[in-house]
């Protein structure tokens, strides 16, 4: 992926990882469009970055995604990158169906729907990129957030398959798999010393994105305890350790 000269849409761009990556891509010389549900949060990000644009989007709204895709392409015909970052993470006690359904709609169906709506346009560009955001929990699930972990495992699998399907097109697929990061994704994460500082995660992620040839998956060192557990033959031990810590 070229780091500069793109027109990039970032969902979940009003806070956390999305807002931080929006700052980095804007500083690198890209036209950035941040999207999210909260207009005030988007406006705050844009106010700090002259030239950045904002559009509201609810990733759980299937019809709204179609209309949004049409609008963003009309407003930004040079769009050649999308970062599918928006997501929710909610703890569940056994099966909490409303939470599970909302998580699947936002974290899994939303990215698939938006990618589907934008793909014809992206394939028509000389070079374009779909960036997905999974999680270390895609590789070793956290029992306290079963549906979140499952959606991120699905995003990882979907990214692998889409990369293969699109390999002979102009569209590359890059997956970013964060560890726990100090953001407001869940209450207490931002202040949790066990989480990776946001600025450190962003700096390492951007350095990996700049590598040539492009890496298909972006794994900072801190996430490899989870993401490489199966490769090391340590899945059972890591699963037990992770979930013992979070009981």
The range 157-172 - residue that is crowded, with 18+ Cβ neighbours inside 10 Å and within 18 Å of residue 227 (Cα to Cα) and, of those, nearest to the chain's Cα centre (by Cα):
159
Tell me yes or no: at least one residue of the range 118-128 is touching a strand residue (DSSP E or B) at 6+ places or on another chain (Cβ under 6 Å), over 14 Å from residue 11 (Cα atoms), outside any helix (DSSP H, G or I) and modelled with pLDDT of 95 or more.
yes
How about the range 23-46: which of its residues are more than 20 Å from residue 74 (Cβ to Cβ), crowded, with 18+ Cβ neighbours inside 10 Å and in contact with a helix residue (DSSP H, G or I) (Cβ under 6 Å, 6 or more places away or on another chain)?
45
Filter the range 188-216 for residues that are closer than 18 Å to residue 159 by Cα and touching a helix residue (DSSP H, G or I) at 6+ places or on another chain (Cβ under 8 Å); the one that is surrounded by the most Cβ atoms within 10 Å (Cβ to Cβ) is 205
Step by step: first the residues of the range 47-70, then only those that are in contact with a strand residue (DSSP E or B) (Cβ under 9 Å, 6 or more places away or on another chain) and either more than 15 Å from residue 113 (Cα to Cα) or in contact (Cβ under 8 Å) with a residue 60 or more places away in the chain (or both), then the one that is surrounded by the fewest Cβ atoms within 10 Å (Cβ to Cβ). Which residue is that?
51
Determine which member of the set 161, 149 is outside any strand (DSSP E or B) and closer than 30 Å to residue 77 by Cα.
161
Kindly indicate whether any position in the range 68-83 is modelled with pLDDT of 95 or more, touching a helix residue (DSSP H, G or I) at 6+ places or on another chain (Cβ under 9 Å) and more than 23 Å from residue 3 (Cα to Cα).
yes
Test set (1) in a loop (DSSP other than H, G, I, E, B); (2) touching a residue at least 40 places away in the same chain (Cβ under 8 Å); (3) within 26 Å of residue 234 (Cα to Cα) - residue 193 fails condition number
(2)
Is one or more of the residues making up the range 220-236 under 17 Å from the mean Cα position of the chain (by Cα), assigned to a loop (DSSP other than H, G, I, E, B) and buried (at least 19 other Cβ atoms within 10 Å of the Cβ)?
yes
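The values are calculated or read from the model by the stated rules, or taken from the named source; none is laboratory data. Nothing here was measured: the structure is a model prediction, and the numbers come from that model. Backbone-built Cβ (ideal geometry, glycine too); neighbour counts: all protein chains shown.
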